[in-house]
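Have a look at the structure below, then the notes.
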Amino acid sequence: MTGYWMLVLHSHLPFVKHPEYPYFLEEHWFYEAVSETYLPMLMYMKQMEDEGIHFRFAVSVTPPLAEMMCDPMLMDRYEKHMDKLLELAYKEIERTKGTCFEHLAHMYKDKFLKLKEFYYGFLNRSLIGGYRHFLEKGYIDVITCGFTHGFLPLLNNTYNAVRAQIELAVKSHTEKFGRAPKGIWLPECAYFEGLDKILAEYGIRYFFVDTHGVLYSKPRPRFGVYAPVYTESGVAAFGRDYYSSKQVWSSKEGYPGDAYYRDFYRDIGYDLDHEYIKPYISPDGVRVFTGLKYHRITGESDYKEYYQPEIASRKTEDHARHFVKGREQQVKDIAALIDRKPMVVSPYDAELFGHWWYEGPEFLYNVFKEMDRSDVVKAITPLEYLNEYPTNQVVKVNPSSWGDKGYYDVWLNKGNDWIYRHLHFMAESMVNMAKYHQNTKDDSVRRCLNQMTRELFLAQSSDWAFLVTTGTAIEYAMQRTKEHIYNFLRLKDMVEYCSYDYEFLGRLEYKNSIFHDMDFRVYC
Amino acid sequence: MNYGKMTKTELYAIAQKLNIKNRSAMSKDELALALKKYDKTVSGKKAEKTETVTSHMPAEVPVQEHKPIKPDYPLPDRYNVDTVVLLPVNPKKEYVYWEVSDRTVYNFCHTHNMGDPSFILKVFTGEEDNVSELASVKVGKYGNWYFDLYCPDARLWAEIGMLDSKGNYYAVAVSKRIKMPADRISDLIDKETWMTVGENIEKIYTLSGISDMQKEELLSSARMHSELFKKLHNVEASSVSSNILSKKGGE
């Protein structure tokens, strides 16, 4: 064995839950990700376990995502969503009889049936349980994230705000996965000087940064990004490898752009007759993605050929071989220069695999299968690597993120800079009020402060600032930010004037329910 | 003002602006009633018709703004506190926002026996005994500002202050000190690095992608999402044509 490959999948969605509407478009982000990414990945893990294929990686399940996976209302809606999809697939089999699309309709029906069987069978309706299973076997390391994916460098004006993001993350993770997290995916890989101390305080042993987070550290990192570095407080930082990222991320040269892979945009939700598809799109008639897509990427133009799953499947094998070869070459080149086994860190958004890139989970399965046969490179988890090489260089990691341009621009620009004045004021108020009411016996005060903590956490999600910058779901993102700030200020008024609107409070407790055991004293 | 036709959220928003006591516990009708009462006490019967504003009216709350606001979550644009915050955007850019409270301005004017103070926003760098001022701009009582100070690795902070009539500067609030990010490989090499990898370090960096990284922008989820979104938008725009296409193919 010459070196190691370290896959990191970052699974995250913002907390979106709207009991006040029977159908809510943005809730479907979650349902789609479950069917297209989380379930297929867990199924492949099970398959690898059964086939005896060696696989190792780190996967984050962020606290908001874990919360949603455990939310009875959302999971109930998800189960209904899955039944509806299956119903649509059966209808499609009828409709496409005798056409080149018929076997595709069958493909979806079979897939949905398999997902269902796996979900009700092996998983016993618990996605978290699935991750726990592989975590306990030692195949994967499940890591945490900021409690609501807050962009920590921009929250750092109030020390407690950053600490609360970490403290609650560890608490929520421990509750859900049965053990404290050893690693963390920093929200957006965003690091600032001093963050490592807080991580160390909560028993976190490693985190990830972008390539230049390690390369620009001080003093110079002696192994580049091919070995972890330690911060002064002894927490390890792993740097992203540029080339392996590019092979998957690049929209031009990346594997997901192959002409034979399934096209993301051609979806029967948009394509078919309105009357026919109506029960499966938004009830107000707005067309949405259903997940049933019959075409392959084909080329740049609008002309799309129909999808041929057998060819796409073979492509994932070719790409997996190509990917593993690339890693073999990389570790050979670098091993000649250093006195230890190098590691190549490849972090990706988990939702890329399956949701955006339909064949992604199968590709990863084939990568592990191929790598299992390699005697040059082997998959490894961060903890395994640290156990093998417990001694590493101590540096000051460079403040950075994995966003566009590598720093904080995406989350702080003219479109979203107004958010921070509110977030900082709220965090300061929270600290003051939490200290003042620390020993309160008044149930109304306690409930209000706990809910204020939740509203502040939800307002802090980096997703809102991100969506404003990328222009996706901009209105929803603005609305959510404002809603949580507004709720916070109104609850604050209630406490300060000792006059309570219990109906309002109760509604928020049910709707913005993230973490049932919330305790405002996390802000003390 | 027709408070009767407004929603509770709208009424609450106005009550918040006017700082009506007990507002959070009020029902919709109570809010409307309280606002009516407020209008009577503050503006008087005639004030609505004439344009005179009585001296009791806070300057920030012109009565004309009570027009129906669209159902929204109205937020204050400031909190009436003394604060200044500096946030790094990248090694070449910093964002600063600040605010000086009414009370601080009032006390300052009272002490210095003056009317209209100027507000000065400053940015500093350095360590304890070696501090230098990088920028100083005249600003308003509250707001925000982007600086283009190229300060990789430096420690920066901002300060908001006021000038008295003689031009003396008084600081009001100072921000936290922020370590700015670096934008290149450090010159600092520890001894052991030389003993371990020596001249190979350049090769290691090349293999790490150091030159390619600088040639093109880093790939990122943010860019990917926005590219996907652009494509998605095209699809929606041409959904009529793809409808026709699919009928041919799909049926």
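A:V468 falls short on exactly one of the conditions (1) more than 18 Å from A:T158 (Cα to Cα); (2) over 23 Å from the mean Cα position of the chain (by Cα), and that condition is (2). When A:K304, A:K246, A:K293 are screened for being within 23 Å of the chain's Cα centre (by Cα) and either within 11 Å of chain B (Cβ to nearest Cβ) or touching a residue at least 40 places away in the same chain (Cβ under 8 Å) (or both), only A:K246 passes. Among residues of the range A:434-448 that are among the polar types (S, T, N, Q), those with a beta-carbon under 7 Å from a residue that is part of a loop (DSSP other than H, G, I, E, B) and surrounded by 13 or more Cβ atoms within 10 Å (Cβ to Cβ) at least six positions away or on a different chain give the pairs A:Q438/A:C524; A:S444/A:Y500.
A quick yes/no check of all residues on (1) closer than 13 Å to A:A236 by Cβ; (2) among the basic types (K, R); (3) in contact with a strand residue (DSSP E or B) (Cβ under 6 Å, 6 or more places away or on another chain):
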site: A:V162; (1), (2), (3): no, no, no
site: A:S172; (1), (2), (3): no, no, no
site: A:G178; (1), (2), (3): no, no, no
site: A:K182; (1), (2), (3): yes, yes, no
site: A:L195; (1), (2), (3): no, no, no
site: A:I198; (1), (2), (3): no, no, no
site: A:T211; (1), (2), (3): no, no, yes
site: A:V214; (1), (2), (3): yes, no, yes
site: A:P219; (1), (2), (3): no, no, no
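Is at least one residue of the range B:150-164 more than 30 Å from A:Y243 (Cβ to Cβ), surrounded by 16 or more Cβ atoms within 10 Å (Cβ to Cβ) and at the interface with another protein chain (Cβ under 7 Å from one of its Cβ atoms)? No, the range B:150-164 has no match at all. The residue of the range A:330-349 that is surrounded by the most Cβ atoms within 10 Å (Cβ to Cβ), among those that are more than 24 Å from A:W402 (Cα to Cα) and more than 10 Å from every other protein chain (Cβ to nearest Cβ), is A:K341. Filtering A:L123, A:L39 for residues that are in contact with a helix residue (DSSP H, G or I) (Cβ under 8 Å, 6 or more places away or on another chain), outside the structural domain of A:S374 (by TED's automatic domain parsing) and not small (G, A, S) leaves a single hit, A:L123.
Of the helices (runs of 4 or more DSSP H) lying entirely inside the range A:439-522, those containing at least 3 residues that are at pLDDT below 95 and in contact with a helix residue (DSSP H, G or I) (Cβ under 9 Å, 6 or more places away or on another chain) are A:462-470, A:474-497. Under 8 Å between Cβ atoms, at least 6 apart or on separate chains: pull out the pairs that start in the range A:90-103 with a residue that is within 14 Å of A:Y306 (Cα to Cα) and end on any residue that is at pLDDT 95 or above and β-branched (V, I, T). From residues that are within 14 Å of A:Y306 (Cα to Cα), the pairs are A:E102/A:I93; A:E102/A:T96.
Applying the condition of being facing chain A (nearest Cβ under 7 Å) and modelled with pLDDT of 95 or more to the range B:178-191 and asking which residue is surrounded by the most Cβ atoms within 10 Å (Cβ to Cβ) yields B:P181. In the set (1) in contact (Cβ under 8 Å) with a residue 40 or more places away in the chain; (2) within 11 Å of chain B (Cβ to nearest Cβ); (3) touching a Leu at 6+ places or on another chain (Cβ under 8 Å), A:L352 fails one condition alone, (3). Taking the criterion of being among the aliphatic types (A, V, I, L, M), assigned to a strand (DSSP E or B), closer than 22 Å to A:T158 by Cα and free of Cβ contacts under 8 Å to residues at least 60 places away in the same chain, would at least one residue in the range B:76-96 satisfy it? Yes - at least one qualifying residue is present in the range B:76-96. Counting only residues that are within 13 Å of chain B (Cβ to nearest Cβ) and either of a type in the set (V, I, T) or not in a helix (DSSP H, G or I) (or both), the range A:249-263 holds 6 of them. A:Q460 meets the conditions (1) surrounded by fewer than 21 Cβ atoms within 10 Å (Cβ to Cβ); (2) within 22 Å of the chain's Cα centre (by Cα); (3) touching a residue at least 24 places away in the same chain (Cβ under 8 Å) in every case but one. The failed one is (1). Of all the numbered requirements in (1) among the aromatic types (F, W, Y); (2) closer than 22 Å to A:S513 by Cα; (3) touching a residue at least 60 places away in the same chain (Cβ under 8 Å), A:Y420 misses one, and that requirement is (2). The number of residues in the range A:283-341 that are in contact with a Ser or Thr (Cβ under 6 Å, 6 or more places away or on another chain) and part of a loop (DSSP other than H, G, I, E, B) comes to 3.
Okay, residues lined up against (1) farther than 30 Å from A:N398 by Cα; (2) at pLDDT 95 or above:
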position: B:L134; (1), (2): no, yes
position: B:G167; (1), (2): yes, no
position: B:K176; (1), (2): no, yes
position: B:T193; (1), (2): no, no
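Based on this model, can you work out whether A:E310 counts as more than 10 Å from every other protein chain (Cβ to nearest Cβ), more than 22 Å from A:W29 (Cα to Cα) and modelled with pLDDT of 95 or more? When the stated conditions are applied, A:E310 passes them. Based on this model, can you work out whether A:E428 counts as within 12 Å of another protein chain (Cβ to nearest Cβ), at pLDDT 95 or above and surrounded by fewer than 24 Cβ atoms within 10 Å (Cβ to Cβ)? Spelling it out, A:E428 is indeed within 12 Å of another protein chain (Cβ to nearest Cβ), at pLDDT 95 or above and surrounded by fewer than 24 Cβ atoms within 10 Å (Cβ to Cβ). The condition (being under 30 Å from A:Y191 (Cβ atoms), buried (at least 18 other Cβ atoms within 10 Å of the Cβ) and either more than 12 Å from chain B (Cβ to nearest Cβ) or modelled with pLDDT of 90 or more (or both)) is satisfied by just one residue among A:R266, A:R240, A:R287: A:R240.
The values are calculated or read from the model by the stated rules, or taken from the named source; none is laboratory data. Please read these numbers as outputs of a predicted model, since none were measured by experiment. FYI the Cβ positions are ideal-geometry reconstructions off the backbone, even for glycines, and counts take in every protein chain you see.
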